[in-house]
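Participant: Take this structure first; my questions come after.
The values are calculated or read from the model by the stated rules, or taken from the named source; none is laboratory data. Nothing here was measured: the structure is a model prediction, and the numbers come from that model. As a convention, Cβ positions derive from the backbone with ideal geometry for all residues, glycine included, and neighbour counts pool all protein chains shown.
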Amino acid sequence: MKSAVILFPGINRETDMAKALHAATGVKPHIVWHTDTSLPDVDLVVVPGGFSYGDYLRCGAIAARSPIMSDVRAKVLKGLKVIGVCNGFQIITEAGLLPGVLMRNAQLRFVCREVKLKVENNRTFFTNKMTEGQIIHCPVAHGEGNYICDAETLNRLEGEGRVLFRYADGSNPNGAMNDIAGIVNEAGNVIGMMPHPENMVEALHGRTDCKPLFESLLAA
Amino acid sequence: MKAHIKVTLKPGVLDPQGKAIEGALGSLGFGGINGVRQGKYFEIDLAESDRVKAETQVKAMCEKLIANMIIENYAIEFT
């Protein structure tokens, strides 16, 4: 499993993400700068969290239009796996790789805390080591994670089992529709989620609930 | 030529910032407010002097970057 982590100005979680990927796959990920026009030969691209371009215009909007994203978009059509976490989720939705929008948190506050997530679908390349309905702990840190989409898209996401993670036990931190914390695209190769699984994989993180997510990558 | 672009949330899209402003106006004693919606305003100074060409250009800018067409509408005026 060869992977790359894309770096935009203002991104700050790339080291945590690279470390989690390295630990799980045994291969050090490439760090790819946003002005590059082509990806190295990899199976997986991760767009990490942070505040790309200071969240100017709309979160993720400017990063989504950077040169490297054209190659990401082209390779997604050929089956490249992509995971966007937090700002990365905002970036890949702005890039049109996933439906919907991440709006300002309903309470208008930045939330930085641990939430509970219910794994709704374990048939993806990032969840195949989990069981369906399993509840895991995971940290969130965002001001704009309020997932919304039109009713038709929501029905499709729900009907096709494309809601991957849902905030559980009343822990929805942002007002997202149907408690949606993470989704997968129709083809099953693009995943976006607001919580930070890379920060719940080592003993020092307090818990290791998200380690199986990264281990899933090897089985995929 | 200058393009003046107003970006507004589509009707029905929840606007928590507008709601907060509405609440603050209420607490300042302003009555009779039926609702507040927050939007964005952009001014783009264009080298193009042909109005039709400018309009095509600015529409493309709005749809590619300035507005997110899933949740926002845009309106352009030229001066």
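Participant: So if I check each of B:52, B:7, B:13, B:58, which one is modelled with pLDDT of 95 or more and within 14 Å of chain A (Cβ to nearest Cβ)?
Facilitator: From the options B:52, B:7, B:13, B:58, the qualifying one is B:7.
Participant: Ok, one more. Kindly indicate which of A:72, A:5, A:27 is part of a loop (DSSP other than H, G, I, E, B) and either at pLDDT 95 or above or not acidic (Asp, Glu) (or both).
Facilitator: Numbers: A:72 fails: part of a loop (DSSP other than H, G, I, E, B); A:5 fails: part of a loop (DSSP other than H, G, I, E, B).
Unique residue meeting the criteria: A:27.
Participant: Give me the residue from region A:119-165 that is surrounded by fewer than 19 Cβ atoms within 10 Å (Cβ to Cβ) and of a type in the set (D, E, K, R) and, out of that set, modelled with the lowest pLDDT.
Facilitator: So, considering only residues that are surrounded by fewer than 19 Cβ atoms within 10 Å (Cβ to Cβ) and of a type in the set (D, E, K, R), the one modelled with the lowest pLDDT is A:150.
Participant: Restricting attention to region A:73-114, and to residues there that are within 13 Å of chain B (Cβ to nearest Cβ) and among the β-branched types (Val, Ile, Thr), which single residue is farthest from residue A:180 (Cα to Cα)?
Facilitator: A:91
Participant: Moving on. Identify all residues within region A:106-132 that are within 19 Å of residue A:207 (Cα to Cα) and touching a strand residue (DSSP E or B) at 6+ places or on another chain (Cβ under 9 Å); write none if there are none. Before the answer, list the steps.
Facilitator: Let us first name the residues in region A:106-132 that are within 19 Å of residue A:207 (Cα to Cα), namely A:112-119, A:126-127, A:129-131.
Scanning region A:106-132 gives A:112, A:113, A:114, A:115, A:116, A:117, A:118, A:119, A:126, A:127, A:130, A:131.
Participant: Can you tell which of A:4, A:18 is buried (at least 22 other Cβ atoms within 10 Å of the Cβ) and small (Gly, Ala, Ser)?
Facilitator: None of the other options fit; the residue is A:4.
Participant: Would you please list the contacts, defined by Cβ atoms under 9 Å and residues six or more apart or on different chains, that run from a residue in region A:37-48 that is farther than 17 Å from residue A:97 by Cα to a residue that is among the basic types (Lys, Arg) and surrounded by fewer than 16 Cβ atoms within 10 Å (Cβ to Cβ)?
Facilitator: Final answer for the pair search is A:40/A:2; A:41/A:2; A:42/A:2.
Participant: Would you confirm, using the coordinates I've provided, whether residue B:22 is acidic (Asp, Glu) and more than 22 Å from residue A:110 (Cα to Cα)?
Facilitator: No: the conditions fail for residue B:22.
Participant: Between A:209, A:169, which is in a loop (DSSP other than H, G, I, E, B) and surrounded by fewer than 19 Cβ atoms within 10 Å (Cβ to Cβ)? Explain how you work it out, then say what you get.
Facilitator: Details: A:209 fails: surrounded by fewer than 19 Cβ atoms within 10 Å (Cβ to Cβ).
One residue alone meets the criteria, A:169.
Participant: Among the listed residues A:38, A:70, A:3, identify the single one that is within 14 Å of chain B (Cβ to nearest Cβ) and of a type in the set (Ser, Thr, Tyr).
Facilitator: Going through A:38, A:70, A:3 in turn, just one is within 14 Å of chain B (Cβ to nearest Cβ) and of a type in the set (Ser, Thr, Tyr): A:70.
Participant: May I ask you to say which residue of A:158, A:144, A:132 is within 14 Å of chain B (Cβ to nearest Cβ) and either more than 13 Å from the chain's Cα centre (by Cα) or assigned to a loop (DSSP other than H, G, I, E, B) (or both)?
Facilitator: Answer to the check: A:144.
Participant: Scan region B:61-79 for residues that are away from chain A (no Cβ under 11 Å) and polar (S, T, N, Q) and jot them down.
Facilitator: Answer for region B:61-79, where residues must be away from chain A (no Cβ under 11 Å) and polar (S, T, N, Q): B:73, B:79.
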